[in-house]
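Okay, structure first, notes after.
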Amino acid sequence: MKKMLVLSFLALAPALLAQKFEGLALTPPMGWNTWNTFQGKISESLIKEMAEALISSGMQKAGYRYLVVDDAWEASERDAQGNLVPDPVRFPSGMKALGDYLHSRGFQFGIHNCAGTKTCAGYPGGRGHEFQDALTYASWGVDYLKYDWCNHGTANAQETYKTMRDAIFTARRPVVFSLCEWGDTKPWLWAKDVGHLWRTTGDIMACYDCQGVYSLGWKFILESQVGLEEYAGPGHWNDPDMLEVGNPGLTLAESRAHFSLWSILAAPLMAGNDVRKMSGEVLEILTNPEVIAINQDPLGKQGYRFMNHPGKQIWVKELSRKEWAVCFYNSGDDTVQLRIDWNHLPFLKGSYRIRDLWQKKDLGQTSAEFRAPLAAHDVILLKLSPIS
Ligand code: GLA
C-alpha cells in the first residue's frame, strides 16, 4: 500500500513541480524575428543571412541575441510518429543544424508555434502534442518559444499555456516562453508564473496610425498600454509586439519615436526589418546604446504615461541609480512648442543633469525651464541623472 502511494506520488511529481524557468529574461528580450518583413517566405539560408547581417552591422553586439523563426518553418504535416518536422525544401538541414549554427554564431535560437490545432499560417499547431513538442524543441536546442493563439477553438487560455509551460519545464531545457495570445484574456493578470512575456494586443503594422482587421499602427498599440505598467518586471514583461523600426510605412521620426516609446515601456525589442538592407539612420536608431540602456535598465520598471494633453504626451520611466527617462512625444500632426517647468514633475527630487539621448548631448540642468520645438510623430528622449 505504502509502495503504491509513493509510486503514484512520483507519477504526479513532474506536474506538481512544474513551473516556468526562473532567472530568464531578467531584462526585456532583444532579438530579431522573421515575421514583420518576411511572413511565410523564410528558409534556413535567409535566417543565416540575417544572422550574419546582425553580426556585421553591430546589432548583435548592441544586444539583439534571440533570432526567432516565426510561423511557416514547418512541413504541412507531422511525421508518422506525430513529431513536428521542418519544411524539407526550405529547411533541408533541419532545425537542430540551424540551432547549432545560430549558437556557434553567438545567438539564442527562437522558434514559433501555436497553442491551437494549426498555426495562423495553417501549419501543424501544438494542441495535444505539448509534451512531445517540448522534447523536440529541447533536442533542437531551442532557447525561446513564441506560442501563438490561432485556431484554439474553445480552449481555455490559462490552462493551455500552463500545459505548454509544464511541458517545457519537464523537457528540462531552459526556454524563454513568449505567450502570443494577443491580450484576449488579459494575460498580464495571470501569466506571471506561466511565461516570461505576453502579447498585450493584436498585431502591429508598419504604419503610425493605420488599422487593419487584426492589426494596428503603433500609435494605437501605445495607447492600449496605459495602465499595464504595474504588471511588468524582471522575468515577466508586457509585449506590445515587435518592432517595425525601419520598415516601409514609417518615417524616420516615427521609427525613432516607436523605438523610444518601446524602450520606455520596457518592451521586448524584437527587430523586424530586413537588416541586410537597412539605412545608416535606421541602424543608428536600433543600436543607440543610451536608448537601449533605458529599455534594459536592471530595475526592470515599465514606464508610464505621466501626461496626455492634445498632441503632447509625457512618458516617464524610473531607472536604477535614481535616474529617470523622460520622453516628450508629439502624437499630433503639427509641430508643437514644448515648455516644461521641471517642478511640475513631482517624482523628481532635487536637481538633475539632462542628457538628450538622440542628439547625444548634455543639455544642462533641470533648474531652467525646458523649451524646444517637437515635430509631429516625433519624440525628445531625455535621461535625468541626480546631482548629488
Ligand atoms: C499571429 C501573431 C504574429 C505572427 C503570426 C504568424 O498573427 O500575432 O506575431 O506570429 O501570427 O502567423
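Overall size of the stretch 61-212 from C-alpha positions, given as principal axis extents largest first: 39, 38, 29 Å.
Cysteine residues of the chain whose Cβ has no partner cysteine Cβ closer than 4.7 Å: CYS114, CYS180, CYS327.
Pairwise Cα separations in the stretch 196-332 fall into 10 Å bins from 0 onward with the following percentages, short to long: 12, 45, 37, 6, 0.
If both residues of a DSSP beta bridge must be in the chain, then about 55% of such bridges are antiparallel. Enclosing the Cα atoms of the stretch 258-388 in their convex hull gives a volume equal to 112 cubic angstrom per residue. Evaluated at 4 °C with a viscosity of 1.567 mPa s, what Stokes-Einstein diffusion coefficient in µm²/s does the stretch 68-152 have when Rh comes from the Kirkwood expression over alpha-carbon pairs? In µm²/s, the coefficient is 101. As an equivalent ellipsoid, the stretch 134-280 spans semi-axes of 28, 18, 14 angstrom, where each value is the square root of five times an eigenvalue of the C-alpha gyration tensor, largest first.
Distance cut-off 28 Å, Cα to Cα: go down the list LYS96/LYS219; LYS192/LYS360; LYS186/LYS301; LYS312/LYS360 and report the pairs above it. From LYS96/LYS219; LYS192/LYS360; LYS186/LYS301; LYS312/LYS360, over 28 Å: LYS96/LYS219; LYS192/LYS360. Per the Cα gyration tensor, the chain maps to an equivalent ellipsoid with semi-axes of 39, 24, 19 Å, ordered largest to smallest.
For ASP362, neighbours were defined as the other residues whose beta-carbon sits under 11 Å from its Cβ, and their charges (Lys and Arg +1, Asp and Glu -1) total +4. Sparsely packed loop sites in the stretch 187-268 (the trypsin sites (Lys or Arg not before Pro) outside DSSP H, G, I, E and B with at most 13 other Cβ atoms within 10 Å) do not occur.
Here's how it looks for PHE306: its modeled amide H is under 5 Å from those of ILE314, TRP315, VAL316, which are all 5 or more places away or on a different chain.
For MET30, the residues whose modelled amide H falls within less than 5 Å of its own, excluding neighbours fewer than 5 places apart on the same chain, are ARG65, TYR66, LEU269. Spacing of the modelled spin labels on ASP100 and GLN132, each 7 Å from Cα toward Cβ, amounts to 2.5 nm. The region of the chain that goes longest without hitting one of the chymotrypsin sites (Phe, Trp or Tyr not before Pro) in a DSSP loop, each with at most 12 other Cβ atoms within 10 Å, is 1-213. Under 11 Å from a point placed 7 Å out from the Cα of ARG371 along the Cα-to-Cβ direction: which residues of the stretch 327-342 have their backbone N that close? Counting only backbone N, you get 338-340.
Computed from the coordinates by the stated procedures, all read-outs in this text should not be read as laboratory data. The structure presented is a predicted model; accordingly, all values stated were derived computationally and were not measured. Neighbour counts are summed over all protein chains in view; Cβ atoms, including those assigned to glycine, are modelled from backbone coordinates with ideal geometry.
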